[in-house]
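The values are calculated or read from the model by the stated rules, or taken from the named source; none is laboratory data. Quick caveat: nothing in here was measured; it's all calculated off a predicted structure. With ideal geometry, Cβ positions are generated from the backbone for all residues, glycine too; neighbour counts draw on all protein chains shown. These accessible areas exclude ligands, DNA and RNA; they are computed on the full protein's heavy atoms, side chains included. Shrake-Rupley method; radii C 1.70, N 1.55, O 1.52, S 1.80 Å.
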2 protein chains.
Amino acid sequence: MLNRGAIQHCKACGAAVVYRLPDDGDTRERAVCPQCQTVHYENPLNVVGTIPFMDDRVLLCLRNIEPRRGKWTLPAGFMELGETVAQGAARETHEEAGAQIEMLDLFSLMNVVRVGQVHFFFRARLLSETFDPGHETQEVRLFRQDQIPWDEIAFRTVRETLQRFFEDRERGQFGLHQIDIQ
Amino acid sequence: MLNRGAIQHCKACGAAVVYRLPDDGDTRERAVCPQCQTVHYENPLNVVGTIPFMDDRVLLCLRNIEPRRGKWTLPAGFMELGETVAQGAARETHEEAGAQIEMLDLFSLMNVVRVGQVHFFFRARLLSETFDPGHETQEVRLFRQDQIPWDEIAFRTVRETLQRFFEDRERGQFGLHQIDIQ
């Protein structure tokens, strides 16, 4: 899901940037503009989504876009400005699955350091079996644990979240799972 | 802590961008380059820090930089690429306070929608009373609850976190606090 090219030009004035330590005591090299002195920071991005469930079944979306077109995923996407983590997760569920949900607790919080991302998944109770997938989704389907296409899951964070969801469901108690994905 | 000017030029080629809907079905206006078609996304930033404590006292840092120079804060700063949320929180504690800590659980997770930030604070046990503040900190001091300078706290997320920390400490049980700051 990484979608970031290196910064080559200043966002304020368009001059070519140089990578160096800024003058403010910062200890990391940044893209600094030699014309207007703007310092450009690059930071991790948040990915927010839900585990929409109904009784013993979980909703998955068949991806219609790259990366991992044709693989199954939980509804999730990049958090946007102007929303909370939970609002973003609800928005993605609406956009990708057109599902009616009641948002429940945060379930998994995962660091994906290699791609500079933090993933958040909330449990969400499905209120209806009627869906309306958006253009990013080929198909929406409900799966019982023994029906999950484990080898066809699009992302490791989704697989790890689903595994823990079914484990907790069997135990009858849901916790917050903090996981570092290597 | 917001530090983002509007994108006016393309980071890839330097041409002046236009704000419009991208061609991929996105529903938000983005800074799009009319020359090379690069789409520029702006997303929330994570701020990561700790509540360093020793017995009934909490470590605060007197800020030596703007914003809020001369106000007290918990050690915290922007999460960087190449680290987990917890690693970033430990790094900031080292950089701003020079404190030796044992990292404990995530304590507060706060949406600050107005400035496009998500704040994470972890409890951290102080292993020593020797500190070595960096250039961003004028002074490091330990405060009991009745000594906290509540009117001189730099940021609302820090005040909310401290209040809940002392409440949970009195109760004898620490939870995860999810808070939306208006």
Practice problem: Just tell me how shielded B:112-119 is by partners: mean number of partner chain Cβ atoms within 10 Å of each residue's Cβ, no decimals. | Solution: 3
Self-check item: Whole-number accessible area per residue in Å² for chain B, which is evaluated in the context of all protein chains at 1.4 Å
Solution: 47
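Among B:His177, B:His94, B:His40, what's the order by accessible area (1.4 angstrom probe), most exposed first?
Correct descending sequence by accessible area is B:His94, B:His177, B:His40.
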Self-check item: Degrees, to the nearest 10: A:85-97 long Cα axis against longest axis of chain A
Solution: 60
Self-check item: For A:Gln163, inter-copy label distances in nm, listed shortest first [label point 7 Å out on the Cα-Cβ vector]
Solution: 4.1
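Am I reading the A/B interface right? What is its buried accessible area, both sides, 1.4 Å probe, to the nearest 100 Å²?
Adding both sides of the contact gives about 3500 Å².
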Practice problem: Treat every Asp and Glu Cβ in chain B as -1 and every Lys and Arg Cβ as +1, leave all other atoms uncharged, and give the resulting dipole magnitude about the Cα centre to the nearest 20 debye. | Solution: 400
Self-check item: Partner chain coverage, peptide A:5-17 - average Cβ within 10 angstrom
Solution: 5
Practice problem: Look at the axis of the rotation that sends chain B onto chain A, then give the chain B residue with the nearest Cβ and the distance in whole Å. | Solution: B:Gly14, 2
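Using a 1.4 angstrom probe with every protein chain in place, what is the largest-first accessible-area order of B:Phe174, B:Phe155? It would help to have the intermediate numbers written out before the result.
Details: B:Phe174 75, B:Phe155 20 Å².
Output order, biggest surface exposure first: B:Phe174, B:Phe155.
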Quiz item: Which shape class applies to the stretch B:64-127: rounded if a/c is under 1.5, otherwise prolate when a/b exceeds b/c and oblate if not, where a ≥ b ≥ c are the square roots of the Cα gyration tensor eigenvalues?
Solution: oblate
Quiz item: Taking square-rooted eigenvalues a ≥ b ≥ c of the alpha carbon gyration tensor, is the stretch B:69-175 rounded, prolate or oblate, where a/c under 1.5 means rounded and, failing that, a/b exceeding b/c means prolate?
Solution: rounded
Quiz item: In whole percent, how big is the carbon plus sulfur part of the accessible area of chain B, probe 1.4 Å, protein atoms only?
Solution: 43
Self-check item: Rounded to 10°, Cα long-axis angle of helix A:156-171 versus longest principal axis of chain A
Solution: 40
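What fraction, in whole percent, of alpha-carbon pairs in the stretch B:36-99 exceed 17 Å separation?
Value for the stretch B:36-99: 51 percent of Cα pairs lie more than 17 Å apart.
Hey, what does the equivalent ellipsoid look like for the protein assembly as shown, semi-axes from the Cα gyration tensor as sqrt of 5 times each eigenvalue, largest first, whole Å?
Values: eigenvalues 248, 177, 50 Å².
Sorted largest first and rounded, they come to 35, 30, 16 Å.
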Exercise. Enumerate the amide H contacts of A:Phe107 below 5 Å, restricted to partners 5 or more residues apart or on another chain; note that Pro and chain-start residues carry no placed amide H.
Key: A:Phe121, A:Phe122, A:Arg123
Self-check item: Label point 7 Å beyond Cα along the C-beta direction, distances from B:His94 to other copies (nm, shortest first)
Solution: 4.3
Quiz prompt | Cα-based shape type of chain A, given that a ≥ b ≥ c are square roots of the gyration tensor eigenvalues and the cut on a/c is 1.5 | solution = prolate
Self-check item: Expected 222 nm ellipticity per residue - DSSP helices of 4 or more, -39500 (n - 2.57), all of chain A, to 500
Solution: -5000 deg cm²/dmol
Exercise. Ignore the peptide's own chain and count Cβ atoms of other chains within 10 Å of each Cβ in B:34-46; give me the average, rounded.
Key: 4
Quiz item: Across the stretch B:105-116, in residue order, what do the Karplus-derived ³J(HN,Hα) couplings come to in whole Hz, using 6.51 cos²θ - 1.76 cosθ + 1.60 with θ = phi - 60° and x for Gly and Pro?
Solution: 6, 5, 10, 9, 9, 10, 8, 10, 4, 4, 10, x
Exercise. Every other copy gets compared here: list the nm distances from the B:Pro34 label point (7 Å along Cα to Cβ) to its counterparts, shortest first, one decimal.
Key: 2.9
Quiz prompt | Heavy-atom accessible area order for B:Trp72, B:Trp150, largest first, 1.4 Å probe | solution = B:Trp150, B:Trp72
